[in-house]
Amino acid sequence: MSNQYEVRQFKLANGDEVVCEIVQWNNEEELELVTRKVMKLVQSESNGVKYFVFRPWMIYQESLEDFIILNGNHVVGIGFPTEPLLYQYNEALKEMATMHESRKEDYAEMKEEDIQEVSKMVRKTSDEIDEYLESLKEMTDSDGGNVINMFDFNKDNMH
């Protein structure tokens, strides 16, 4: 994954450590840093062995094109990621992009299923209305003298 933007490692005031691309640095007038591809470094331990993994920093912000605004006041340290860290970061970005595409496909399928379900409900309701209207047409009393068929009713004849 080629980087056209600078990649930096940040230590944040809350203790989070993130690696991201800097799209726009903050300046004296603006405290915000425009970033993307923000991945949080998370420390884990298994059988006494400590290791670090990357996770998306914000939930559902997993498209490689999503911009995340970072408040510069919360950055307490900035570093240049090492070559091994950059390699792992790029591998994590590939996994995140795959996860994002999978979510998009699942969502598209869900939307299609929802549309089909609503369509079925509309057809069923339409059929029920047609049946009800048919039953109204057939309704009469025993001699038919005191029932006005609503389909024969003409409001222009009202007095």
Could you list PHE52, PHE10 in order of exposure, starting from the residue whose Cβ has the fewest other Cβ atoms within 10 Å?
PHE52, PHE10
Hey, got a sec? Which GluC sites (Glu not before Pro) in segment 1-65 land in a DSSP loop and have at most 11 other Cβ atoms within 10 Å?
GLU28, GLU29, GLU65
Ranked by Cβ crowding within 10 angstrom, fewest neighbours first, how are HIS100, HIS74 ordered?
HIS74, HIS100
Most exposed first, judged by fewest Cβ atoms within 10 angstrom, ILE78, ILE59, ILE22 run ILE59, ILE78, ILE22
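Taken together, the values in this text are just the output of simple stated rules run on the coordinates, not laboratory data. Owing to the predicted nature of the structure, the values given are computational and were not obtained by experimental measurement. A quick note on method: Cβ atoms are made from the backbone with ideal geometry, for glycine too, and the neighbour counts reach across all protein chains shown.
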